[in-house]
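Coordinate-derived values only; no laboratory data. Computed from a prediction, not measured in an experiment: that's the story for all the values here. Cβ sites come from the backbone with ideal geometry, for glycine too, and all protein chains shown count toward neighbours.
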Amino acid sequence: MTEEPAAVFVAGTAGAGKTSFVRAFADWMRSNGYDPAVVNLDPGLEGGELDPDVDIREWVRLADLQDEYGLGPNGAQVAAADMIALKVFEVKQAISELSSDYLLVDTPGQIELFAFREASKAIVDALGGDRALIAFLFDPALARSASGYVSLLLLSATVEFRFRLPLVNVLAKSDVLGADQLAEVVGWSEEPSLLYDAVQATPATPDVQLSTELFRAIEVMGPVAGLVPTSAKDATGLDAFYRECQRIFAGGEDLEPSHEPATE
Ligand SMILES: Nc1nc2c(ncn2[C@@H]2O[C@H](COP(=O)(O)OP(=O)(O)OP(=O)(O)O)[C@@H](O)[C@H]2O)c(=O)[nH]1
Ligand SMILES: [Mg+2]
């Protein structure tokens, strides 16, 4: 392999489904003949469902920081975010030994630690190489309401602004929405006027003027279009997400599978 791997950083609000998405997309890639490496950058990851190839917990563990320095969970997260940046060389070294074409990177639970600290930017720049993108996960608990959807768009735009990387908005856990709700949310992503009308029709909208102005800002920021509905539970939408990645990384050209895809 001559090129550095293409990196997909999976970000989103706490509990949005980041870890599950990374696991499901890695499984999807493997069963379609690709060879991704899974990288965990969440020092507080618990449970064994991810099984990462490279794991930041080898160097920085949230529980250890709490014990050692008497920090609470948030203080330990902040300390960990900065310590991770000091381990970036070790992480990069471990990744280079894997020789994978794709890196799937799980990020810390709290979006503000990933999005707003300089240390995270340094890590993303170091691990991302020439080809990197951010998958920004929309939690349907928030995305199902028009005002929640607008809030997530603004957060997603903030993440894009901070990292200056291509960003794909992904609706996680789409299986929890009914067919009508899902169609409505997807409609908002395709047709801004539908979102605008839905925001205006929300009885609890506190300040119509403010939401109208925010909406204008969203329109100016770029296309609202492009929300890929996925589910880690039933594996829907992962093929569409892969196509989106390939469009960004290789202008749509497919990767060379490392082995024959698994037959159903
Ligand atoms: N129905 C459904 N539930 C899901 C899906 N993906 C994740 N979940 C559930 O959502 C919860 C959070 O999922 P995680 O994957 O841990 O989310 P996360 O963003 O990594 O969470 P933190 O790292 O703690 O911020 C868990 O209870 C998952 O079982 C999905 O596609 N469908
Ligand atoms: Mg997680």
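Mind ranking 117-126, 137-146 by how tightly packed they are, going by the mean number of other C-beta atoms within 10 angstrom, highest first? Write out the running numbers ahead of the final one.
Working: 117-126: 17.7, 137-146: 21.5.
Ranked by mean Cβ neighbours within 10 Å, highest first: 137-146, 117-126.
For the range 133-173, state the average projected area of the convex hull of the C-alpha atoms over all orientations, rounded to one decimal in nm². The partial results should precede the final answer.
Working: hull surface 10.0 nm².
Approximately 2.5 nm², given one-decimal rounding.
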Between the residues Val168, Gly178, Val199, the Cα farthest towards the positive end of the dipole of the chain, that dipole coming from +1 and -1 charges on the beta-carbon of Lys, Arg, Asp and Glu, is from Val199
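I want the local charge near Val91. Using Cβ-Cβ distances under 12 Å, sum +1 for each Lys or Arg and -1 for each Asp or Glu among the other residues.
On the way: positive: Arg57, Lys87, Lys92; negative: Asp53, Asp55, Glu58, Glu90, Glu97.
Taking every other residue near Val91 into account, the sum is -2.
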For Ala135, other-chain or 5+-apart residues with amide H closer than 5 Å (H placed, Pro excluded) are Phe9, Val10, Ala11, Val168
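Quick check on the chain: take the gyration tensor over C-alpha atoms, sort the square-rooted eigenvalues as a ≥ b ≥ c, and tell me if it's rounded (a/c under 1.5), prolate or oblate.
On the way: a/c = 1.82, a/b = 1.28, b/c = 1.42.
Oblate is the answer for the chain, as a/c is 1.5 or above yet b/c matches or exceeds a/b.
So how do 71-80, 3-12 stack up, highest first, on mean other-Cβ count within 10 Å?
Numbers: 71-80: 16.6, 3-12: 22.5.
Per-residue Cβ counts within 10 Å, averaged per peptide and sorted highest first, yield 3-12, 71-80.
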Taking alpha-carbon centroids only, the range 50-121 lies from the range 148-221 a number of Å equal to 30 Å
Extension gain (nm, one decimal) between Asn74 and Thr236, 0.36 nm per residue minus Cα-Cα: 54.9 nm
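Lys and Arg at +1, Asp and Glu at -1: add these up for the other residues within a Cβ distance under 13 Å of Pro36 and post the number.
Details: positive: Arg23, Arg30; negative: Asp27, Asp35, Asp51, Asp53, Asp101, Asp106.
Once all neighbours under 13 Å are counted, the net charge is -4.
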I need two numbers for the range 1-136: Rg to one decimal and Dmax as a whole number, Cα atoms only, in Å. 14.2, 46
Leaving out same-chain residues fewer than 8 places away, which lysines sit with a Cα under 30 Å from that of Lys92? Lys18, Lys121
Semi-axes (Å, rounded, descending) of the ellipsoid equivalent to the range 121-214 per its C-alpha gyration tensor are 28, 17, 10
Given the DSSP H assignment, sum -39500 (n - 2.57) over each helix run of at least 4 residues in the chain and divide by its residue total; what's the result at 222 nm in deg cm²/dmol, nearest 500? -15000 deg cm²/dmol
